[in-house]
Amino acid sequence: MARRKSARGSGPGQASGAARQVPMRDFSRSLPMSLLRAREAVMRQFRPSLRHHGLTEQQWRILRALADVETIEVTELARTAFLLGPSLSRILRDLEARDLIERRVVKADQRRSVLSISARGLKLMEAVAPSSEAIYAAIARRYGARKLAELQDMLGVLERSLAAMEGVAEEGGAEADQ
C-alpha cells in the first residue's frame, strides 16, 4: 500500500516540503484519474461475463462498434473503438480466426478494406446481451437510473466541449490538468 509523503519532507534526500510544492490539484482529484477509477469500477462488473464468453474488453468494443454499422474501414474502427493500430490489427486477426468478423477489400482501392460483423459474431452478441443488460440494470438500480442517464449526458457534453478545445490546445493555448 502506498504511503503519503509527509508534508514536511524530512526523509533522506528529500528537500523540506518539496513533495507538497507542486502547483497542481491532488492526484486523487485529477479528472483523468477520476475517470479511470470510474471506468475500472464499471468494467469490473462486465469482465466476468465477457470472460465467460471468451471475449476481452477490446474484442467486445470492436463487436459492439461493428454491430452498429453495415461496414466500416479499419482506420475509422480504430477511432470508434479507441484502439491503436497495432493492437487493433492483432485483435482483428483473432476475431477473423474465430469467424466473428468479415473483412472485404474495397473494389475501388485494393489497399483498403472494410469490416463487418459476421453472423457468428451477431450470434455471440445475442448470447452476451442478456448478461450485459442485466449488469446495466444492476448499475442503474445501485447508482440510480436518472443519475446514470444524467452522467452519460454530462460525459457527452464534456467530450464535445473538450473536442472544441482541441484546436486551441494544439496551439498551446490550453493547460492540461493531469
* Asked: Length gain on complete extension for the stretch S87 to M43, per 0.36 nm per residue less the alpha carbon to alpha carbon distance?
  -> 13.9 nm
* Structure fact -> Karplus ³J(HN,Hα) for the range 72-82 (6.51 cos²θ - 1.76 cosθ + 1.60, θ = phi - 60°; Hz, whole; x = Gly/Pro) runs 8, 6, 4, 5, 5, 4, 4, 5, 5, 8, 6
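In a shell of Cβ-Cβ distance under 14 Å around I91, excluding I91 itself, what net charge do Lys and Arg (+1) and Asp and Glu (-1) give? Provide the component values of the computation, followed by the final result.
Numbers: positive: R61, R64, R90, R93, R98, R103; negative: E57, D94, E96.
The answer is +3.
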* Counting other Cβ atoms within 10 Å, which GluC sites (Glu not before Pro) in the range 37-119 have at most 11 and lie in a DSSP loop? -> E70
* Structure fact -> Projected onto their principal axes, the Cα atoms of the range 10-148 stretch, largest extent first, over whole-Å spans of 66, 42, 27
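Quick one: length gained pulling L155 to R64 fully straight, 0.36 nm per residue minus the C-alpha distance? List each step's numbers first, then the result.
Numbers: separation 91, 0.36 × 91 = 32.76 nm, distance 1.95 nm.
Stretched out fully, the L155 to R64 stretch lengthens by 30.8 nm.
Bear in mind that the values in this text are calculations on the coordinates, not laboratory data. Here the structure is a predicted model, which means the values were calculated and not measured. Here Cβ is always computed from backbone atoms with ideal geometry, including for glycine, and neighbour counts include all displayed protein chains.
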